[in-house]
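The values are calculated or read from the model by the stated rules, or taken from the named source; none is laboratory data. The structure presented is a predicted model; accordingly, all values stated were derived computationally and were not measured. Reconstructed Cβ throughout: ideal geometry from the backbone, glycine too, with neighbour counts over all protein chains shown.
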Amino acid sequence: MKDGPPVSAPGPLRRLSLAAACLAGVASLALVSLNPLAEEASATAAPALAGAPRSAVQSASTAASAREEVLINEDFGTRTTIPGGWTPKSGTWTVAGGALKQTSPKGTTMLTFGQHLDDFRIDATLSFDSAVNDSRWVGLGLDVNPAGTSPWSHAAVRRVSTASNGLEFANRLPSNSWSVVAASPAPRSVADGNPFDVSIEVHGTNATWTFEGRQIQTTQSLQRTGNGVLGLIMDQATASFRRITVTQLPPRPVIPLVEPGHTGLAIGHRGNPKAAPEDTLVSEVQSHRLGSAYMELDLHLTKDNVPVVMHDDTVDRTTNGTGRVDGLTLAQIKLLDAGVKFDPAYAGTKVPTFEEILQYAQRTGGSVMPELKAGWTKDQVRIVTALVQKYGLQSHTVWQSFDPVPLKYAYELDPSIARAGLVSGSLPADPVAYVGAFHGQALLPATALVTPALMRTMHAAGLAVVAWTADTPGDWAKLTTAGVDGIMSNSVGELIGWMSRYNQ
């Protein structure tokens, strides 16, 4: 994105202090490794699920017309056996006394059920029966490995629910370590045998926790996979589930509209470029794990027509090579070092292909916001569109461009992939008509162009506004007051931390 001078490359101490600031601002979010080699290995180690379709993929134009559908509605007061397709993986599970029960307090126990869903709500009435100690928990698995092993994500309630971490969203990582991404106390205690109601709504990596009708907390950092199912999970505890309902929901708008004074989406600009080299896999992974709603990136085609992630027309600024991207083959570009100029600690970092980013997004449930460069032909847009389709990420992609022509091509090739128009310098005479010309969903203006009047105009037309690029709390506050639906920042970790404090 053309937003002025490139982000300067900090030295090792500055890089670490910036990273520490990000993490301090998002203490409740996932911890992010700043080891470039470990991070890149983590991002690429799991096998890609090439071509595996996502469930509930809907077009941007038809999503609004979708309806809720109840997929599971189990009242265990009317059952005497475990429902078909509900599979105990560990522990002792039975239906008795009007409830589905797990009766072994040893270790972590799990039962899986249902199908993979991107957008859903799970409602349950449950109670603790016992726990080894007050910190033990019972959880609703939101994206669980069908094998019953890590990774998974869940919404858990502790026996002492009024503790500061009594209710939490947590990710069990492939390494079998934990990442707690949100934690809050419950409004009341849940003593043994005392039933309580919970409701968890999930849209991709975003989730909202409601306890007995009261919204408690949200997260943008739920760990998602391409094939995870639902589950019930307990840690050294026993519990009874009286009722479980699963409702498939329509996908949220790719960029939900917010009211003035409410925070919108946080999006890392070119990844996490103050802590890692811009537009690299390690930078995008850091941004995603910090909670960025989209992995924002720039695309160019190599001489042999392979889309790679790089902002500039040439490789000169960000790598140890020289030459235009479209004058080099992929093999030549893969020989370049995209990290050493930023910081020697990142030496050996490679220029990623767009496909490598999509593979990571598919494995983790991430979303991408790639920029189509001005002047692209329909055949060039066709190449990147085919890759998004290959990985079933249509509902997790927003094309952006300063040039409306490639966005028109994108609409013609696949209208289910959302489109957003970048603007700088000055606004179009009619911003709504400008976005309408490519059947878009959003306008992405430079920060200085955002006004309350623009927000009223765009929202009245049902169109979102994401401002770029804002890096200070003062700018974040002004944009939030104006009512922007998202903020793009070079300091996404700090932005998310600021949003968390703002919403307290």
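Filter the stretch 302-360 down to the residues that are on the phi > 0 side of the Ramachandran plot and touching an Asp or Glu at 6+ places or on another chain (Cβ under 8 Å) and list them by number. Matches in the stretch 302-360: Gly323, Gly348.
Note on the stretch 451-489: residues that are closer than 19 Å to Arg419 by Cα and either part of a loop (DSSP other than H, G, I, E, B) or not assigned by TED's automatic domain parsing to the domain that holds Ala418 (or both) total 6. Can you tell me which of Gly339, Gly366 is modelled with pLDDT under 95 and crowded, with 22+ Cβ neighbours inside 10 Å? The match here is Gly366.
Inspect the stretch 174-182 for any residue being out of contact with any Leu (no Cβ under 7 Å at 6 or more places or on another chain) and within 22 Å of Phe241 (Cβ to Cβ) and give the result as yes or no.
Initial filter on the stretch 174-182 (out of contact with any Leu (no Cβ under 7 Å at 6 or more places or on another chain)): 174-178, 180, 182.
In the following step, the residues that additionally are within 22 Å of Phe241 (Cβ to Cβ) were identified as none.
No, because not a single residue in the stretch 174-182 is out of contact with any Leu (no Cβ under 7 Å at 6 or more places or on another chain) and within 22 Å of Phe241 (Cβ to Cβ).
Please verify whether Gly440 is assigned by TED's automatic domain parsing to the domain that holds Val309, in a loop (DSSP other than H, G, I, E, B) and at positive phi, treating the condition exactly as stated. Before the answer, list the steps.
Numbers: assigned by TED's automatic domain parsing to the domain that holds Val309: yes; in a loop (DSSP other than H, G, I, E, B): yes; at positive phi: no.
Answer is no for this residue.
Quick grid of which residues meet (1) under 17 Å from Gly231 (Cα atoms); (2) modelled with pLDDT under 95; (3) in the same structural domain as Arg242 (by TED's automatic domain parsing); (4) surrounded by fewer than 18 Cβ atoms within 10 Å (Cβ to Cβ):
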site	(1), (2), (3), (4)
Glu74	yes, no, yes, no
Lys89	yes, no, yes, no
Asp119	yes, yes, yes, no
Ala170	yes, no, yes, no
Ser175	no, yes, yes, yes
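Taken over the stretch 282-336, the criterion of being at pLDDT below 95 and of a type in the set (D, E, K, R) is satisfied by Arg289 alone. Cβ-Cβ distances below 6 Å connect the following pairs, each with a first residue in the stretch 454-473 that is polar (S, T, N, Q), a second residue that is outside any loop (DSSP other than H, G, I, E, B) and surrounded by 17 or more Cβ atoms within 10 Å (Cβ to Cβ), and a separation of six or more residues or different chains: Thr469/Met488.
For the stretch 420-447, the tally of residues that are under 27 Å from the mean Cα position of the chain (by Cα) and within 23 Å of Pro260 (Cα to Cα) stands at 14.
Condition (residue is assigned to a strand (DSSP E or B), surrounded by fewer than 20 Cβ atoms within 10 Å (Cβ to Cβ) and either touching a residue at least 60 places away in the same chain (Cβ under 8 Å) or in the same structural domain as His288 (by TED's automatic domain parsing) (or both)) applied to the stretch 130-137: is it met by at least one residue? Before you say what the answer is, go through the steps one by one.
The initial filter retains those residues of the stretch 130-137 that are assigned to a strand (DSSP E or B), namely 130-131, 137.
Adding the requirement that they be surrounded by fewer than 20 Cβ atoms within 10 Å (Cβ to Cβ) leaves 130.
Filter again for either touching a residue at least 60 places away in the same chain (Cβ under 8 Å) or in the same structural domain as His288 (by TED's automatic domain parsing) (or both), leaving 130.
Yes, the stretch 130-137 contains a residue that is assigned to a strand (DSSP E or B), surrounded by fewer than 20 Cβ atoms within 10 Å (Cβ to Cβ) and either touching a residue at least 60 places away in the same chain (Cβ under 8 Å) or in the same structural domain as His288 (by TED's automatic domain parsing) (or both).
Here His116 fulfils each of the conditions (1) in a strand (DSSP E or B); (2) under 20 Å from Asn73 (Cα atoms) apart from (1).
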